[in-house]
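Read the figures in this text as sums done on the coordinates, not as results from a lab. Nothing here was measured: the structure is a model prediction, and the numbers come from that model. Cβ: placed from backbone, ideal geometry, glycine included. Neighbour counts: every protein chain shown.
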């Protein structure tokens, strides 16, 4: 079965600190995605990747960086965290030319104080 | 621009009653549509998906959805709701090029009353 895992599951950070959220997938999917979920907005795309070494900006990339060192791993980096980045973050993987749906991780709840 | 609208932020039904959750999309071309469910403190799970073909698609746990091109809709239905259906439901359309990302609606919180 398709599997996407995220770590940490919960994180409390201070304003101005650096935060790294990690995602691992065992689906061998080329595409990976980072979304954030906020009440009233559904999920919005931050960054995505077509494969190892590739990162692309999504709809709301400001304040975030991404890293895709391998097929399996995709990280989201907040260099200078701000309270407005308090949210729930979801990683997903997908193969648009295969099954076409995306598989989601369990989410990371980030609080920036 | 592509978008998805779920007009009902909250829906409350009694256990055993029928259910319809509404979804309207705006998309140029043939859409690929999805319903995901999010149980409390969990990630999103695929409920069902529509690829061009039969307009009525069956999903897990007795859910089904009907695609209407004329109404730009993809409503979710269930004949008899169970207490375990208490969750947030998201409708999404997938872009067919570029990022292949999902464009999500804002979600509908379903509450099931005993």
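Condition first: within 16 Å of residue A:46 (Cα to Cα) and within 8 Å of chain A (Cβ to nearest Cβ). Now tell me which residues in the range B:87-104 satisfy that.
B:94, B:99, B:100, B:101, B:102, B:104
Quick one: how many residues across the range A:41-68 are in a loop (DSSP other than H, G, I, E, B), surrounded by fewer than 18 Cβ atoms within 10 Å (Cβ to Cβ) and more than 14 Å from every other protein chain (Cβ to nearest Cβ)?
Adding up the residues that qualify gives 4.
If you go through the range B:101-114 one residue at a time, do you hit one that is in contact (Cβ under 8 Å) with a residue 12 or more places away in the chain and more than 24 Å from residue A:39 (Cβ to Cβ)? Steps first, please.
Here is the first cut: in the range B:101-114, the residues in contact (Cβ under 8 Å) with a residue 12 or more places away in the chain are B:102-114.
Filter once more, keeping what is more than 24 Å from residue A:39 (Cβ to Cβ): B:114.
Within the range B:101-114, one or more residues are in contact (Cβ under 8 Å) with a residue 12 or more places away in the chain and more than 24 Å from residue A:39 (Cβ to Cβ).
In the range A:11-40, what count of residues is obtained for those that are in a strand (DSSP E or B), facing chain B (nearest Cβ under 10 Å) and under 15 Å from residue A:89 (Cα atoms)? It would help to see each step written out before you state the result.
Here is the first cut: in the range A:11-40, the residues in a strand (DSSP E or B) are A:11-13, A:19-25, A:31-38.
Then drop every residue that is not facing chain B (nearest Cβ under 10 Å), which leaves A:31, A:33, A:35, A:37-38.
Now narrow it down to the ones that are under 15 Å from residue A:89 (Cα atoms): A:33, A:35, A:37-38.
Total meeting the criteria: 4.
Which residue, of A:37, A:71, is surrounded by 15 or more Cβ atoms within 10 Å (Cβ to Cβ), within 14 Å of the chain's Cα centre (by Cα) and closer than 18 Å to residue A:23 by Cβ? Outline the logic, then answer.
Numbers: A:71 fails: within 14 Å of the chain's Cα centre (by Cα).
Of A:37, A:71, the one residue that is surrounded by 15 or more Cβ atoms within 10 Å (Cβ to Cβ), within 14 Å of the chain's Cα centre (by Cα) and closer than 18 Å to residue A:23 by Cβ is A:37.
Restricting attention to the range A:92-113, and to residues there that are within 14 Å of another protein chain (Cβ to nearest Cβ) and in a strand (DSSP E or B), which single residue is surrounded by the most Cβ atoms within 10 Å (Cβ to Cβ)?
So, considering only residues that are within 14 Å of another protein chain (Cβ to nearest Cβ) and in a strand (DSSP E or B), the one surrounded by the most Cβ atoms within 10 Å (Cβ to Cβ) is A:102.
Tell me which of these residue B:84 doesn't satisfy, since it passes every other one: (1) within 13 Å of another protein chain (Cβ to nearest Cβ); (2) surrounded by fewer than 13 Cβ atoms within 10 Å (Cβ to Cβ).
(1)
Pick out the one residue from B:16, B:29 that is touching a residue at least 12 places away in the same chain (Cβ under 8 Å), out of contact with any strand residue (DSSP E or B) (no Cβ under 9 Å at 6 or more places or on another chain), part of a loop (DSSP other than H, G, I, E, B) and surrounded by 12 or more Cβ atoms within 10 Å (Cβ to Cβ).
B:16
Spot the failing condition for residue B:56; the list is (1) more than 25 Å from residue A:91 (Cα to Cα); (2) surrounded by fewer than 20 Cβ atoms within 10 Å (Cβ to Cβ); (3) in contact with a helix residue (DSSP H, G or I) (Cβ under 9 Å, 6 or more places away or on another chain), and only one is missed.
Tallying (1) more than 25 Å from residue A:91 (Cα to Cα); (2) surrounded by fewer than 20 Cβ atoms within 10 Å (Cβ to Cβ); (3) in contact with a helix residue (DSSP H, G or I) (Cβ under 9 Å, 6 or more places away or on another chain), residue B:56 fails exactly one: (3).
Please count how many residues of the range B:1-13 are more than 16 Å from residue B:92 (Cβ to Cβ), within 14 Å of chain A (Cβ to nearest Cβ) and not in a loop (DSSP other than H, G, I, E, B).
Residues in the range B:1-13 being more than 16 Å from residue B:92 (Cβ to Cβ), within 14 Å of chain A (Cβ to nearest Cβ) and not in a loop (DSSP other than H, G, I, E, B): 1 in total.
Go through (1) surrounded by fewer than 19 Cβ atoms within 10 Å (Cβ to Cβ); (2) touching a helix residue (DSSP H, G or I) at 6+ places or on another chain (Cβ under 8 Å) and name the single condition residue B:8 misses.
Among (1) surrounded by fewer than 19 Cβ atoms within 10 Å (Cβ to Cβ); (2) touching a helix residue (DSSP H, G or I) at 6+ places or on another chain (Cβ under 8 Å), the lone unmet condition for residue B:8 is (2).
Quick one: how many residues across the range A:78-91 are surrounded by 15 or more Cβ atoms within 10 Å (Cβ to Cβ) and not in a loop (DSSP other than H, G, I, E, B)?
So the count comes out to 7.
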